[in-house]
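The values are calculated or read from the model by the stated rules, or taken from the named source; none is laboratory data. Here the structure is a predicted model, which is why all the values come from computation and not from measurement. Backbone-built Cβ (ideal geometry, glycine too); neighbour counts: all protein chains shown.
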Amino acid sequence: MFAVIRHYHFNPKDSAEIDRRVREEFVPIVKKAKGFVRYYWLDTGKGEGASVGVFKDKAGADESVHLAAGLRTKAFV
């Protein structure tokens, strides 16, 4: 198993919108990575968040990084 851990900073007033977009936009894309097992999102409520993506192998974890980068530049900037 391999994990990808990400840390985010954002305006706390955008928390609910970011949570929604993670669920509705980000997770469906990351699920497409080969070997996807699970995705966890934590919003501290103070303008920070963290995620953990779990994959069966390194190739899937690496693929998720590329998928996430593409979505982040389009939707979360």
Filter result (exposed (fewer than 15 other Cβ atoms within 10 Å of the Cβ) and assigned to a strand (DSSP E or B)) within the range 40-49: TYR40, LEU42, GLU48
Scanning the range 14-36 for residues that are surrounded by 15 or more Cβ atoms within 10 Å (Cβ to Cβ), in contact (Cβ under 8 Å) with a residue 24 or more places away in the chain and among the β-branched types (Val, Ile, Thr), which turns out farthest from PHE2 (Cα to Cα)? ILE18
Give the residue, chosen from VAL4, VAL54, that is in contact (Cβ under 8 Å) with a residue 60 or more places away in the chain and not in a helix (DSSP H, G or I). VAL4
Just checking, does the range 31-39 include any residue being touching a strand residue (DSSP E or B) at 6+ places or on another chain (Cβ under 6 Å), at pLDDT 90 or above and assigned to a loop (DSSP other than H, G, I, E, B)? yes
Before we move on, is ALA50 of a type in the set (A, V, I, L, M) and farther than 17 Å from ALA68 by Cβ? no
